[in-house]
Structure formats: structure tokens, C-alpha cells
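Undergrad: Okay, here's the structure, questions in a sec.
Bear in mind these aren't lab numbers, they're just calculated from the coordinates by the rules spelled out. Not measured: the values here are computed from a predicted model. Using ideal geometry, Cβ is built from the backbone for each residue, glycine included, and neighbour counts are taken over all protein chains shown.
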Amino acid sequence: MELGQSTEMQNDVMVLLAKHVIATVANGSNFVFSPMSVNLLLCLIAVGSSCVSKQQILTFLMSPSSDHLNAVLAKMVSVVHANGTERSDLRLSMATGVWIDQSLSVKPSFKEVLENSFKGNCSHVDFFNKPAEVIDEVNTWAEFHTNGLIKQILSRDSIEAIRDSKLLLANAVYLQRSLG
């Protein structure tokens, strides 16, 4: 399968996902989400998964393999990271973060794909003993990567959920366009 056709298929997946979410969100609500962010995180999960889970995700994402999917998404990420350099009225940036419990190790292949294809970063944290610090770190990360537009994605009310966590994935997209 050629890269252009694969990119088109990923666009189809994102449109399908967007249609599903839009159909289930209450009318008049103020809900925003990025199908590309969800797609990227599903790809990351596929990279870190094995056997049945990996195959189910690849089937949903219409991709024959993780390597193939990584090539397609690496191309998309490189376009985003070009940051609208050809247009002075556009600023687009994206960041992907992974927080993993300090008791777990990271597959070298996962870390390589995260850093090289997704331009992301991975941090080991202590979810159980230091959930407030994890919340602060994730919120600081989100604020930095959205130029201050998103100051909080995890609230203090989520301490117990954080304490029970082993992995946290996040993706932030920042778009600024001059309208003049």
C-alpha cells in the first residue's frame, strides 16, 4: 500500500471517528476534540501492544502493520511540526506525552517510535505515592504545549484515579491563525 493511499485511509478513520463523536455529544454542548490526537494515541497504543490488542487497533485504523502506520503518522507529524513555516498567518504545533509508572519499563521500540516518529517524550513517574506531582507535571506540560490556552487537563479531583494508574497518554494540538 502506498503512502498516499494510507494517508487517505487515516483521514477516513479520523472522519469516521469525528462523525461518531459528534453524533453522541449533546446538542448545544461546548465540546472540542481532535480526531488526529485520538488517532495518534491509538497508534502509540498499537506500538506498545502485542498480539490480539495490536491487531484489533490496526484493523480499526485500516493499517496492515505498526511499521506501516508509523510511517504514515510520522509523515503527518512532520507536516505539523513544520509549524506553518510557509505561511506567516498560521501557527500549528503538536506535542505527545507519555507518563509511565516508575515500576514499569518502556520497550526500546516504543520509546524510539515515540521520540522519532511522534516527536514525543516519555517520563517515569510515581503515580501511587505522588499523584499530585503527576497532576502538576501533566498540567504544566499541557499549558506549555498549548501556549497557555489549556492550563488544566487533570484536576485535583482525579488524585485517586491517578493513584490507580500505570500509564497516561496525552496529545496537545495548538493552532493559531490570523484572521486579518
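Undergrad: With 10 angstrom as the radius, rank THR7, THR24, THR140 by how many other C-beta atoms surround their C-beta, starting from the fewest. Walk me through the numbers on the way to the answer.
TA: Details: THR7 16, THR24 8, THR140 12.
Lowest count first: THR24, THR140, THR7.
Undergrad: Kirkwood Rh over alpha-carbon pairs of the stretch 68-180, then Stokes-Einstein at 37 °C and 0.692 mPa s: what D in µm² s⁻¹, rounded to an integer?
TA: Values: Rh = 15.4 Å.
Stokes-Einstein gives a translational diffusion coefficient of 213 µm²/s.
Undergrad: Loop sites only, by DSSP: take the trypsin sites (Lys or Arg not before Pro) in the chain that have at most 14 other C-beta atoms within 10 Å and name the longest stretch containing none of them.
TA: So the longest stretch without any such site is 1-86.
Undergrad: Please tell me the relative contact order of the chain in percent, rounded to the nearest whole number, where contacts are Cα pairs under 8 Å and at least six residues apart.
TA: Details: 212 pairs, mean separation 40.5, N = 180.
Averaging sequence separation for qualifying contacts and normalising by length gives 22 percent for the chain.
Undergrad: While we're here: Sorting ILE100, ILE159 on the 10 Å Cβ count, fewest up front, what's the list? Kindly include the intermediate steps, with their values, before the conclusion.
TA: Details: ILE100 21, ILE159 14.
Ordered by Cβ neighbours within 10 Å, fewest first: ILE159, ILE100.
Undergrad: Can you show me the helix-derived [θ] at 222 nm for the chain, built from DSSP H runs with n ≥ 4 at -39,500 (n - 2.57) apiece and divided by the number of residues, rounded to the nearest 500. Don't skip to the end; give the middle numbers.
TA: Details: 7 runs with 87 residues, N = 180.
Counting only the DSSP helices, I get -15000 deg cm²/dmol.
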